[in-house]
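The block underneath contains the structure these notes are about, expressed in structure tokens.
The values are calculated or read from the model by the stated rules, or taken from the named source; none is laboratory data. Being a predicted model, the structure only gives us computed values, none of them experimental. In this analysis, Cβ positions are derived from the backbone assuming ideal geometry, glycine residues included, and neighbour counts consider all displayed protein chains. The accessibility values were calculated without ligands, DNA or RNA, using every heavy atom of the protein model including side chains. Shrake-Rupley method; radii C 1.70, N 1.55, O 1.52, S 1.80 Å.
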Amino acid sequence: MTSRTAPPTGNVASRPPKRRLRNYLLDKRFQLKYTGYILILSVALTAVLGWQVYEASREASATALASSLGDPRADDDAFRQYLKEQFEATDNAVLVKITALLAGLVIGLALLGIFITHKVAGPIYKMKRLIGEVAAGRLRVEGGLRKGDELQDFFEAFHTMVDRLRSHEEHEMAAIESMIGKLEAGGDGKAALAELRVLRDGKKKALAS
């Protein structure tokens, strides 16, 4: 199915509008909810793996320290303290790297989650506005979804529905205009009345189904 995309408007050479975070948060409740789910799961998994890496580093440092104590210089308290501080510094460096990685992951996933959910929230936001216009009697859908947006097939189905409703209304309007023309011309009123009854019966059938 071919997706409808909005045609370019305005001056082609004009600069594109600046994208701000609020432009991506069209439905804060929906987007932050599912972004939060992604963050909680990812942070939990990363924290567990990171802690295992840190513990492995500490165990490796403890083993290396025990091996280093076999050095003849290990009888020197200053040298023993130096070795201990060096291994502790290595372990702390590993912990800092894991923490920085976790912080970067949280920020990256938060932005990615908002961007991905925007691909769904954007079309829903537009669909709500279009549905409101259709409910108000404006049977015309202008433009389309952006390239890369989700719900393209759903939007196509909605677009087709509105087109068919508009075609149906235009057909009925043509019938009404025909009846008015016959009555204004002083023609056969019975024929116009018969057409009006057909139109009425069609309306009743649609409302009853």
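Condition first: polar (S, T, N, Q) and surrounded by 13 or more Cβ atoms within 10 Å (Cβ to Cβ). Can you find one or more residues in segment 159-172 that meet it? Can you show your working first?
Of segment 159-172, the ones polar (S, T, N, Q) are 160, 167.
From what's left, surrounded by 13 or more Cβ atoms within 10 Å (Cβ to Cβ): none.
Scanning segment 159-172 turns up no residue that is polar (S, T, N, Q) and surrounded by 13 or more Cβ atoms within 10 Å (Cβ to Cβ).
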Could you pull out the residue among Val162, Val141 that is of a type in the set (Val, Ile, Thr) and in contact (Cβ under 8 Å) with a residue 24 or more places away in the chain? Val162
Picked from segment 135-149 (must be modelled with pLDDT under 85 and either assigned to a helix (DSSP H, G or I) or in contact with a Lys or Arg (Cβ under 6 Å, 6 or more places away or on another chain) (or both)), the residue surrounded by the fewest Cβ atoms within 10 Å (Cβ to Cβ) is Ala135
Looking at Leu111 and the list (1) at pLDDT 85 or above; (2) closer than 19 Å to Asn23 by Cβ; (3) hydrophobic (A, V, I, L, M, F, W, C); (4) open to solvent by less than 70 Å² (accessible area, probe 1.4 Å), which single condition is not satisfied? (4)
Could you tell me which numbered condition Arg129 fails, if it satisfies all but one of (1) under 23 Å from Tyr24 (Cβ atoms); (2) touching a helix residue (DSSP H, G or I) at 6+ places or on another chain (Cβ under 7 Å); (3) among the basic types (Lys, Arg)? (2)
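Examine segment 145-153 for a residue that is small (Gly, Ala, Ser), touching a residue at least 12 places away in the same chain (Cβ under 8 Å) and at negative phi, and state whether such a residue exists.
Within segment 145-153, the first condition is being small (Gly, Ala, Ser), and the residues that meet it are 148.
This time we only want the ones that are touching a residue at least 12 places away in the same chain (Cβ under 8 Å), so: 148.
The next check asks that each one be at negative phi; those that pass are none.
No, because not a single residue in segment 145-153 is small (Gly, Ala, Ser), touching a residue at least 12 places away in the same chain (Cβ under 8 Å) and at negative phi.
Does any residue of segment 59-66 turn out to be open to solvent by 100 Å² or more (accessible area, probe 1.4 Å) and within 39 Å of the chain's Cα centre (by Cα)?
Of all residues in segment 59-66, those open to solvent by 100 Å² or more (accessible area, probe 1.4 Å) come to 59.
Next, only the ones that are within 39 Å of the chain's Cα centre (by Cα) stay: none.
No, segment 59-66 has no match at all.
Filter segment 68-85 down to the residues that are in a helix (DSSP H, G or I), among the small types (Gly, Ala, Ser) and modelled with pLDDT of 60 or more, then identify the one that is least open to solvent (accessible area, probe 1.4 Å). Reasoning before the result, please.
Going residue by residue through segment 68-85, those that are in a helix (DSSP H, G or I) are 68, 72-75, 77-85.
Subset that is among the small types (Gly, Ala, Ser): 68, 74, 78.
Adding the requirement that they be modelled with pLDDT of 60 or more leaves 68, 78.
Numbers: Ser68: 34, Ala78: 68 Å².
Once the filter is applied, the top-ranked residue is Ser68.
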